[in-house]
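Take a look at the structure below.
The values are calculated or read from the model by the stated rules, or taken from the named source; none is laboratory data. Not measured: the values here are computed from a predicted model. Cβ sites come from the backbone with ideal geometry, for glycine too, and all protein chains shown count toward neighbours.
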Amino acid sequence: KNEVEQSPQNLTAQEGEFITINCSYSVGISALHWLQQHPGGGIVSLFMLSSGKKKHGRLIATINIQEKHSSLHITASHPRDSAVYICAVNRITGNQFYFGTGTSLTVIP
Amino acid sequence: ETGVTQSPTHLIKTRGQQVTLRCSSQSGHNTVSWYQQALGQGPQFIFQYYREEENGRGNFPPRFSGLQFPNYSSELNVNALELDDSALYLCASSLGPGGGTEAFFGQGTRLTVV
């Protein structure tokens, strides 16, 4: 079983819809990251969370440390939001990221 | 846009050859981590360099080796390339080796082994 699980694996939405991507993890962490990867491209860091909630434009990320769960929300989705969204954690011990398998989002005009 | 750049962006090599991939770190960062991302999978940790020393290694054979320079840029070397080494290779630059620090990723190097 992976340390980091994401759902859904694939998501198709109409432009303007509110989108939620979920991430659950099973280990103690020092931080959780939400990352965005466009096809064939590198990774862009969207958020780093260790508690609470962060907002950047139309993106909102929340984390519940007790429940070992985080969500990424996209409000008023747009076709340019189409990408793979990856949840990654830094464990309390160790020095690497552990990645979820990603959620592939397609926003249709 | 981050200051982490990887070169080359794309590369085709023949099985058995050797390859060197390069990564510049974000200004002020002293740690570089390398990841391999096979098609359709999440990135897998190869190793991390902190202040020019290897500081952790994933489950990769010794033919994957690395180096970090005094300016904290880094190289990933792969010897005796195999077809399964075809992947996107990502580097991540961070302020320190532990967790809880913001990391910046490069755009990746797409390696194809034929």
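If I filter the stretch A:48-55 for residues that are surrounded by fewer than 20 Cβ atoms within 10 Å (Cβ to Cβ), at pLDDT 95 or above and not in a strand (DSSP E or B), do I get at least one hit?
no
Looking at the stretch B:1-90, what strands (runs of 3 or more DSSP E) fall wholly within it and have at least 1 residues that are in contact with a strand residue (DSSP E or B) (Cβ under 9 Å, 6 or more places away or on another chain) and without any contact (Cβ under 8 Å) to a residue 60 or more places away in the chain?
The qualifying strands (runs of 3 or more DSSP E) are B:19-24, B:31-37, B:44-50, B:53-57, B:64-68, B:74-78.
When you scan the stretch A:15-22, do you find a residue that is part of a strand (DSSP E or B), touching a Ser or Thr at 6+ places or on another chain (Cβ under 8 Å), without any contact (Cβ under 8 Å) to a residue 24 or more places away in the chain and away from every other protein chain (no Cβ under 12 Å), even just one? Before the answer, list the steps.
Step one: of the stretch A:15-22, the residues part of a strand (DSSP E or B) are A:19-22.
Now narrow it down to the ones that are touching a Ser or Thr at 6+ places or on another chain (Cβ under 8 Å): A:19-22.
If we keep only those that are without any contact (Cβ under 8 Å) to a residue 24 or more places away in the chain as well, we get none.
The answer is no; no qualifying residue exists.
Which one of A:T103, A:T12, A:T62 is at pLDDT 95 or above and closer than 19 Å to B:Q36 by Cα? Spell out how you get there, then give the answer.
Working: A:T12 fails: closer than 19 Å to B:Q36 by Cα; A:T62 fails: closer than 19 Å to B:Q36 by Cα.
Step by step, each of A:T103, A:T12, A:T62 is checked, and only A:T103 is at pLDDT 95 or above and closer than 19 Å to B:Q36 by Cα.
Say we look at the stretch B:33-64 and pick out the residues that are among the small types (G, A, S), surrounded by fewer than 19 Cβ atoms within 10 Å (Cβ to Cβ) and within 9 Å of chain A (Cβ to nearest Cβ); which of these is farthest from B:V113 (Cα to Cα)?
Here is the first cut: in the stretch B:33-64, the ones among the small types (G, A, S) are B:33, B:38, B:40, B:42, B:56, B:58.
With surrounded by fewer than 19 Cβ atoms within 10 Å (Cβ to Cβ) added as a condition, the list becomes B:38, B:40, B:56, B:58.
Subset that is within 9 Å of chain A (Cβ to nearest Cβ): B:40, B:56, B:58.
On the way: B:G40: 17, B:G56: 26, B:G58: 21 Å.
Result: B:G56.
With (1) aromatic (F, W, Y); (2) under 11 Å from A:S71 (Cα atoms); (3) away from every other protein chain (no Cβ under 14 Å) as the list, and A:W34 as the residue in question, which single condition is left unmet?
In the conditions (1) aromatic (F, W, Y); (2) under 11 Å from A:S71 (Cα atoms); (3) away from every other protein chain (no Cβ under 14 Å), A:W34 misses (3) alone.
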